[in-house]
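Novice: Provided herewith is a single structure, encoded as structure tokens, for subsequent inquiry.
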Amino acid sequence: MSESPRDHILRLRKEISEHEELYRKKHAPKISDFDFDKLVDQLADLERAHPMFAGPDLGIGDDKSEGFQQADHKAPMLSLDNTYDEAEFRAFGDRLYKTLGGTGLEFVVEPKIDGVAVSLTFEKGKFVRAVTRGNGARGDDVTANVSLIREIPRTLKSAPDFLEVRGEIYMELTEFQRLNQLREAEGEALYANPRNLAAGTLKLLDSAEAQRRRLSIVCYGLGACEPSSAFASLKEFKQQLEQWGFPIRDDIDVQQGVDAAWKAIQQLDILRRDLPFPTDGAVVKVNRLEDQRRAGTTSKFPHWAVAFKFPPDQASTILRKISMQVGRTGAITPVAELDPVLLAGSTVARATLHNADEIARKDIREGDTVRIQKAGEIIPQVLSVVLAKRPADAQPFNFEARLKELGLDATRDGEEAAYKLRAPSRDMKIRRLVHFASKQCLDIDGLGDAVAEQLVDLGLVDAPVESLAITPEQWRMLEGFKEKSVDNMMAGLAQAKQRELWRAIHALGIPNVGMQTAKDLSRHFKSMDKLEVAQPGDLLVTKVGKKGGVSYESVISGVGVEVSESILSFFSDPNHRDWVKAMRQAGLNLIEAAAAGSVEGVAGKTFVLTGTLPTLGRDEARDLIEKAGGKVSGSVSKNTHYVVAGEEAGSKLTKAQELGVAVLDEAGLRKLLGSA
């Protein structure tokens with residue numbers, strides 16, 4: 001029976017909402033932007049044809065997240081309407097000619113960067129705030145992480161009294177590849193694409209982790225401006241942005257008329273292959289601001305601008321084998337081994353298959369000819385199978401049988417998509433040990449990849465903590481370990497046993513617990529003993545609303561539902577409790593040592609660092625504060641006790657002054673710490 005228009009609309013709305021949640025909130029889309037846009041267009045056509053079944057606005061594009069303060073845009077941040085072919089683009093031009101009358105239209109043509117839209121607010125020439133697009137009227141305040149982008153000027157000379165600069169935050173392809181190389185070295189699942197990673201980084205509450213990922217920005221648009229007559233055209237505004245020091249793109253000059261703009265789009269389709277960032281189309285905007293005002297807007301889109309979306313890059317090739325990649329946590333990711341094929345300017349020989357369910361859903365088999373895609377994706381994905389070319393002897397892929405064939409004893413719990421090893425493999429043991437000894441954990445100098453491999457292969461280490469009990473005689477069994485090397489290693493192990501509690505917590509490798517969360521847990525629980533026996537109520541407060549809805553409030557800042565579940569699950573495993581027991585037996589410090597270096601006036605207080613201090617680096621200042629018993633946060637709130645401000649302090653200093661938070665310079669901090 002064919003689907004009724006009402007049922008079709010309801011199904012599409014549900015499907016679109018699910019994909020929007022995956023894209024905006026979880027940064028893990030399952031379909032390309034191109035395919036998503038087609039679903040949205042299909043829904044719009046259906047609701048126009050059957051308005052009696054049309055539903056409320058789905059809020060597509062709203063990127064607001066829980067846990068962030070929000071701020072209003074003085075001028076709305078509208079989305080762009082999309083076009084996909086020449087006819088649609090020329091229809092956009094025809095509408096403009098009818099509205100504005102006659103010829104003489106000028107267009108700015110820019111690459112459509114696949115990133116996160118943001119608005120930068122300047123008051124009296126000073127940078128005060130960065131806000132995501134949100135729902136167009138109100139977005140998340142992401143000033144703390146945006147302030148890490150050094151290319152953004154903090155002060156503007158001869159600037160309007162009030163100015164909103166619109167831009168796109170993105171991650172360069174080289175930075176994305178660097179971070180994925182680190183992930184691959186640890187055996188972790190690779191990040192899918194730069195856009196998702198940039199969005200996730202922008203919303204990180206762990207400022208230390210955000211600092212380890214380099215974000216970039218291109219500025220291109222004008223929001224609110226006082227006085228409004230400050231600029232006559234986008235071209236003039238972009239030239240001023242460049243003089244102020246903002247990163248801009250000026251690949252193509254202003255185009256006269258629709259014909260020239262269409263040729264510029266085609267030119268950009270060629271140029272984009274060599275751009276340092278991901279781009280999925282071209283943005284065409286009317287140049288003169290007065291023409292923009294005359295053209296007007298809808299509630300969602302400007303009439304004076306449009307996005308032309310390039311079709312996704314696709315290719316066909318043969319999938320020779322499905323291999324299994326084991327991560328540090330034991331999660332198994334299937335990977336398609338392909339006949340090399342040229343796609344989007346690079347040779348592709350591997351593609352992600354996500355998980356067993358995805359393989360089954362698409363009925364992917366070894367020997368199949370498959371279509372792969374790079375729709376803004378750096379890691380290609382297998383779209384579908386070309387059934388007409390399927391070999392007669394191709395067999396359905398049996399995921400569990402392949403695991404057994406490879407000797408991987410794995411299972412999956414409940415609704416989890418990924419299979420995980422019941423017991424760690426060789427690679428998993430090595431990666432766990434390297435993490436355990438890394439600089440952000442116990443900082444055991446000399447215990448890197450090569451040494452870890454030998455320790456595991458010789459049977460000296462099964463669980464990472466066993467490395468603390470290796471004797472000098474056993475170290476001499478390793479290749480290259482002479483007396484001096486052994487002495488250095490034993491000294492390093494002795495130092496590791498005295499390190500801070502948070503390092504031991506981080507070294508355990510609890511899923512979703514990074515360095516900053518480990519510090520927060522250490523500060524809250526004071527000892528590994530108390531953390532190990534923590535109950536749900538020690539991490540989350542359950543609240544029941546008037547209508548029966550249940551919500552959760554974090555006991556520890558930054559430790560939400562997902563992190564709490566990871567902690568409780570980790571310590572419910574007897575093997576992990578044995579690790580903690582072995583840590584105690586090895587003499588590892590498992591107590592928060594705040595009392596040893598605690599400084600009155602600092603202990604228990606929350607600090608925020610901003611700007612550049614004369615002699616102290618940010619990490620050095622953080623260490624001094626934490627050793628004195630204080631906590632360093634990434635954002636200013638009513639709970640902040642001190643803001644330590646240096647040169648180019650920016651919006652955090654402004655907010656501190658608004659809230660009446662005490663502000664210190666470096667000398668004031670040193671005096672408070674007793675080290676002046």
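Just so you know, all these numbers are worked out from the coordinates, no wet-lab data involved. These numbers come from a predicted model, not from an experiment. Cβ atoms come from the backbone with ideal geometry, glycine included; neighbour counts cover every protein chain shown.
Novice: What is the packing order of peptides 498-507, 233-242, 110-119, 334-343, taking the mean over residues of other C-beta atoms within 10 Å and listing the highest first?
Specialist: Ranking the peptides 498-507, 233-242, 110-119, 334-343 by packing returns 110-119, 498-507, 233-242, 334-343.
Novice: Could you tell me what % of all Cα pairs in the stretch 386-536 have separations over 18 Å?
Specialist: 67 percent
Novice: Can you tell me the length gained on complete extension of the stretch residue 658 to residue 251, counting 0.36 nm per residue apart and subtracting the Cα distance?
Specialist: So the extension gain works out to 142.4 nm.
Novice: Would you please calculate the Kirkwood hydrodynamic radius of the stretch 601-676 over all C-alpha pairs and express it in Å, rounded to one decimal?
Specialist: 12.0 Å
Novice: Given the DSSP H assignment, sum -39500 (n - 2.57) over each helix run of at least 4 residues in the chain and divide by its residue total; what's the result at 222 nm in deg cm²/dmol, nearest 500?
Specialist: -10500 deg cm²/dmol
Novice: Loop-only GluC sites (Glu not before Pro) in the stretch 403-492, please: DSSP not H, G, I, E or B, and at most 11 other Cβ atoms within 10 Å.
Specialist: Passing sites in the stretch 403-492 are 415, 416, 479.
Novice: Rg and Dmax of the chain, Cα atoms, in Å?
Specialist: Both quantities, over Cα of the chain: 27.8, 89 Å.
Novice: Give me the angle, in degrees from 0 to 90, between the Cα long axis of helix 234-244 and the longest principal axis of the Cα atoms of the chain, rounded to the nearest 10.
Specialist: 30 degrees
Novice: Answer rounded, prolate or oblate for the stretch 48-96, using the Cα gyration tensor with square roots of eigenvalues a ≥ b ≥ c: rounded when a/c is under 1.5, else prolate when a/b is larger than b/c, else oblate.
Specialist: In terms of gyration-tensor shape, oblate.
Novice: Follow-up question, since we're still on this one. By DSSP, what percent of the beta bridges with both residues in the stretch 597-673 are antiparallel, rounded to the nearest 5?
Specialist: 10 percent
Novice: Another question about this same structure. Considering every pair of different Cα atoms, what Kirkwood radius, in Å, is found for the stretch 426-496?
Specialist: Hydrodynamic radius (Kirkwood, Cα only) of the stretch 426-496 equals 11.8 Å.
Novice: Choose one of 9, 265, 343: the residue whose Cα lies farthest towards the positive end of the charge dipole of the chain (beta-carbon charges +1 Lys, Arg; -1 Asp, Glu; about the Cα centre).
Specialist: So the residue furthest toward the plus end is 9.
Novice: The stretch 626-676 to the stretch 476-518: how many Å between their Cα centroids?
Specialist: Cα centroid to Cα centroid, the span is 32 Å.
Novice: Going through the cross-link list 14/300; 497/581; 526/655; 157/652; 439/671; 74/285, which pairs have a Cα-Cα distance over 23 Å in this structure?
Specialist: Violating the 23 Å Cα-Cα cut-off are 526/655; 439/671.
Novice: Please tell me which of these pairs span more than 20 angstrom C-alpha to C-alpha: 64/124; 605/638; 112/235?
Specialist: From 64/124; 605/638; 112/235, over 20 Å: 64/124.
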